[in-house]
Structure formats: C-alpha cells, structure tokens
Amino acid sequence: MNSPNAPLNASLNSVDDLIAAGLVAPDQAGDLARVEENFRIRITSEMAGVQSPAVAAQFVPDARELVTRPEELTDPIGDSAHSPTYGLTHRYPDRVILAATHACEVYCRFCFRREVVGEAAALPEPALTAALDYIAKTPAIWEVILTGGDPMSLSPRRIASIMARLSAIPHVQIIRLHTRVPVVAPQRIDDAMIAALRARPTVYVGVHTNHVDELTPAACAALARIADAGFPMVSQTVLLRGVNDDAATLEALFRALLTLRVQPYYLHHCDLAQGTSHFRTTIAAGQAIMAQLRGRMSGMGVPTYVLDIPGGFGKVPIGPDYLERSAQGYMVTDWQGARHIYRDPD
Ligand SMILES: *Cc1c(COP(=O)(O)O)cnc(C)c1O
Ligand code: SF4
C-alpha cells in the first residue's frame with residue numbers, strides 16, 4: 001500500500017505523451033495540438049492500460065472538440081450565477097457544492113467544467129476560509145458536497161483538514177464527495193485516504209463512472225475498500241454517444257455497480273460544454289434507454305435521468321413520463337408500453 005508521499009503512477013499529460021504511448025496516430029498531432037491549447041489532457045496509467053474504445057473515447061482528445069456549436073456555453077450549468085464566495089455554489093437552500101480543487105486525475109473530454117478544470121490546483125486558503133465561514137453562518141446548509149475538479153486528487157492530509165473544519169460546523173450533517181479517483185486512480189485509495197474520509201458528519205462517496213470497462217480489478221478493489229470502511233456510495237454516469245448510449249451497456253455498468261455496493265444515482269444528460277456535441281444524444285434517445293432499463297433490471301440499479309438546465313436553474317428529472325392526465329383521471333404506461341387508466345379517489 002502507498003504511503004501518503006509515494007509517487008503516484010505516471011499519467012499521460014500531452015499529445016506527445018499520447019503519441020509515445022500509441023494512443024494517438026502521429027498524423028493527428030497538428031489538430032490535437034489545437035485541442036490541447038483549449039482543453040487540458042490527462043490520462044492515468046490505470047485508464048491508459050485499458051484496451052477499450054469506450055474508455056479511450058472519454059480521455060483521448062479528438063479533433064471534433066474544435067467544433068463549437070452556438071448552443072454550447074462556457075459555464076453550462078451556471079455555477080457562477082449562484083456563487084456566494086469563490087469556489088462555493090449555493091443553488092438549493094439545504095446544500096452547497098465546494099470546489100476544493102480544480103485539478104483532476106483525468107481530464108474527461110466531455111467535462112461540463114472543462115473551461116476551469118486544471119486551471120489552478122487546490123482552492124487557496126483565504127477562499128477556503130471564506131467558503132467555510134459562509135457555510136458556518138448559514139444554518140440552512142445541511143449538506144456539503146465536495147467537488148472540483150476532483151476532491152480526491154487532493155492529498156489525504158488536505159482532505160482530512162477540510163473534513164475536520166466541516167465537522168466543526170454543527171448544522172452540517174452530511175458531507176458528499178463526488179470523485180472519479182476510485183475508478184481512474186485506484187491506487188490513491190490507500191489507508192491514509194480512507195482515514196481522511198472519517199469525519200463527524202455522515203460521509204457519502206459519489207463515484208463518476210460511465211462504462212463497465214473502467215471497473216478494472218484495481219478499481220473494484222478501491223471501491224470495496226471504501227464500502228468496507230462503511231461509507232455509502234452512489235454513482236453518477238454521463239450519457240455519452242458512442243460510449244454508453246444503449247440499454248445493454250448501461251445495464252452492465254449498473255449491475256456491476258450494485259454488486260460493488262454502489263447505488264446508481266444519476267444518469268446525466270450530457271451538458272452543453274464547448275466542443276462536446278459529438279458526445280451528446282437526444283433526450284428522446286435517453287428516455288427510450290431509461291424505459292428499457294426499467295423493464296430489464298432491478299429498480300435498485302436504475303438511476304434518475306437528469307438534465308442540468310443551462311443557465312444555473314438546477315437539475316431536473318427528464319423522464320420518461322409514465323403518467324399523463326386524461327379525461328378519466330390518469331393514463332399510466334407500463335414497462336412494456338401498454339396503457340392503463342388510474343383514478344384518484346373522489
Ligand atoms: C448537482 C448539484 C447539487 C447536488 O444535487 P443533488 O440533486 O442533491 O445530488 C447541489 N448543488 C449544485 C449547485 C449542483 O449542481
Ligand atoms: S473528473 Fe469530473 S471534473 Fe474532472 S474532467 Fe472528468 S468530469 Fe470534469
């Protein structure tokens with residue numbers, strides 16, 4: 001097991017690294033250098049070692065990222081519209097997200113924060129103090145969600161310090177970390193990282209994963225370590241064209257997650273980040289996949305399909321709809337598509 005200061009496995013951080021690793025053809029160097037000027041590149045050795053087009057598509061840059069469509073935005077989910085202090089977003093009364101760092105272990109090509117990830121590392125101390133002061137003086141805040149970037153790219157020592165400072169705020173009952181680290185950099189989930197997660201409030205770990213091919217033996221072991229330590233886990237998956245946009249692929253992922261003690265939580269419709277149109281499906285396609293999943297697998301494994309409304313209006317479930325008002329009351333569609341009448345009591 002790693003000590004906190006052991007060097008982590010090397011990652012690939014540039015087009016040159018990708019060419020040297022054989023992940024990109026040399027004749028793509030020109031186009032991809034232009035992509036690299038706009039959007040950071042990083043692939044961990046764990047992910048670079050997986051032979052899977054569905055994994056490569058998420059991390060290897062593509063010339064199509066140079067295409068920006070008019071509806072695409074630099075802040076697609078409007079985080080900056082609800083930011084009381086730098087690094088903090090307070091959109092819903094009972095919970096805030098705290099971007100503890102802008103760094104990640106991988107840079108996903110479809111990232112909704114792709115304009116800001118990697119810009120600077122950890123949140124500077126004065127900004128962190130201001131964010132914690134705001135949380136402390138806002139009793140309605142019941143939950144603090146650590147995001148980024150990826151909060152688990154911080155050192156265990158830094159995470160432990162943030163957890164201790166949040167633990168001192170009595171009204172914070174839940175801390176949730178949203179991270180890709182257990183999957184993409186599983187060697188980081190060592191004893192020090194597990195110890196850093198222990199805090200007075202209840203701690204949940206939200207794992208971002210999009211395809212069963214990401215769940216390497218080391219990733220499964222890292223998730224088991226978190227579950228064995230007693231932290232409940234949920235997952236977030238982004239619906240991505242060509243990666244996971246069919247029911248069988250998502251079913252395989254969600255079944256694997258349930259067996260790993262991770263409850264599928266959200267399936268995100270791909271946000272309108274710049275240069276990501278090649279990843280986006282239609283909402284109708286996403287709804288059709290969700291309807292198939294409902295019939296095919298345990299309800300525990302079926303996440304809620306959500307859209308983060310562009311402009312900072314929050315996340316909403318986007319169906320499919322099973323219930324329609326009708327003259328007699330309601331028309332309800334079952335999992336096989338047959339329709340039935342339901343009446344409320346008078
Ligand atoms: C997604 C998000 C949350 C968390 O939402 P849940 O639906 O509770 O998972 C909180 N704040 C902001 C700003 C968000 O974007
Ligand atoms: S790990 Fe998350 S924040 Fe980081 S690049 Fe991927 S999607 Fe974006």
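The values are calculated or read from the model by the stated rules, or taken from the named source; none is laboratory data. Every value quoted in this text rests on a predicted model; they were computed, and no experiment measured them. Cβ sites come from the backbone with ideal geometry, for glycine too, and all protein chains shown count toward neighbours. Side chains included, ligands, DNA and RNA excluded: accessible areas come from the protein's heavy atoms. Shrake-Rupley method; radii C 1.70, N 1.55, O 1.52, S 1.80 Å.
Return the residues of region 256-280 that are closer than 21 Å to residue 225 by Cβ and open to solvent by 10 Å² or more (accessible area, probe 1.4 Å); say none if nothing qualifies.
Within region 256-280, 256, 258, 259, 260, 261, 263, 265 qualify.
Restricting attention to region 291-301, does a residue exist that is within 16 Å of ligand 1 (Cβ to nearest atom), more than 16 Å from residue 112 (Cβ to Cβ) and in the same structural domain as residue 94 (by TED's automatic domain parsing)?
no
Within region 310-338, restricting attention to residues that are touching a residue at least 12 places away in the same chain (Cβ under 8 Å), farther than 16 Å from residue 288 by Cα and not in a strand (DSSP E or B), which residue is nearest to the chain's Cα centre (by Cα)?
Taking the candidates together, the pick is 314.
Inside region 170-212, can you point out the residues that are among the small types (Gly, Ala, Ser) and within 16 Å of ligand 1 (Cβ to nearest atom)?
Scanning region 170-212 gives a single hit, 206.
In the list 109, 91, which residue meets the criterion of being in contact (Cβ under 8 Å) with a residue 40 or more places away in the chain, touching a Phe, Trp or Tyr at 6+ places or on another chain (Cβ under 9 Å) and open to solvent by 20 Å² or more (accessible area, probe 1.4 Å)?
91
Quick test for you: out of 238, 205, pick the one residue that is without any contact (Cβ under 8 Å) to a residue 60 or more places away in the chain, in the same structural domain as residue 305 (by TED's automatic domain parsing) and assigned to a strand (DSSP E or B).
Residue meeting the stated conditions: 205.
Which of the residues that make up region 66-107 are assigned by TED's automatic domain parsing to the domain that holds residue 278, within 15 Å of ligand 2 (Cβ to nearest atom), of a type outside the set (A, V, I, L, M, F, W, C) and touching a helix residue (DSSP H, G or I) at 6+ places or on another chain (Cβ under 9 Å)?
Of everything in region 66-107, those that are assigned by TED's automatic domain parsing to the domain that holds residue 278, within 15 Å of ligand 2 (Cβ to nearest atom), of a type outside the set (A, V, I, L, M, F, W, C) and touching a helix residue (DSSP H, G or I) at 6+ places or on another chain (Cβ under 9 Å) turn out to be 87, 89, 101, 105, 107.
For region 310-331, indicate whether the set of residues that are within 16 Å of ligand 1 (Cβ to nearest atom), within 29 Å of residue 108 (Cα to Cα), touching a Phe, Trp or Tyr at 6+ places or on another chain (Cβ under 8 Å) and open to solvent by less than 40 Å² (accessible area, probe 1.4 Å) is non-empty. Don't jump to the end; show me each part of the working.
To start, the set of residues in region 310-331 that are within 16 Å of ligand 1 (Cβ to nearest atom) comprises 310-318.
The next check asks that each one be within 29 Å of residue 108 (Cα to Cα); those that pass are 310-318.
If we keep only those that are touching a Phe, Trp or Tyr at 6+ places or on another chain (Cβ under 8 Å) too, we end up with 314-315, 317-318.
Next, only the ones that are open to solvent by less than 40 Å² (accessible area, probe 1.4 Å) stay: 314, 318.
Checked against the condition, which is being within 16 Å of ligand 1 (Cβ to nearest atom), within 29 Å of residue 108 (Cα to Cα), touching a Phe, Trp or Tyr at 6+ places or on another chain (Cβ under 8 Å) and open to solvent by less than 40 Å² (accessible area, probe 1.4 Å), region 310-331 yields at least one hit.
Taking region 166-183, which residues are part of a loop (DSSP other than H, G, I, E, B) and either out of contact with any Ser or Thr (no Cβ under 9 Å at 6 or more places or on another chain) or open to solvent by less than 20 Å² (accessible area, probe 1.4 Å) (or both)?
168, 169, 170, 172, 180
Could you please tell me which pairs satisfy a Cβ distance under 6 Å, a separation of 6+ or placement on different chains, a first residue in region 129-148 that is farther than 12 Å from residue 201 by Cβ and in the same structural domain as residue 100 (by TED's automatic domain parsing), and a second residue that is among the β-branched types (Val, Ile, Thr) and surrounded by fewer than 21 Cβ atoms within 10 Å (Cβ to Cβ)?
Final answer for the pair search is 130/85; 131/85; 134/85; 136/169.
Would you mention how many residues in region 102-122 are more than 20 Å from residue 12 (Cα to Cα) and away from ligand 1 (no atom under 16 Å from the Cβ)?
Residues in region 102-122 being more than 20 Å from residue 12 (Cα to Cα) and away from ligand 1 (no atom under 16 Å from the Cβ): 1 in total.
Could you tell me which residue of region 124-143 is least open to solvent (accessible area, probe 1.4 Å), considering only residues that are part of a loop (DSSP other than H, G, I, E, B) and within 16 Å of ligand 1 (Cβ to nearest atom)?
Result: 141.
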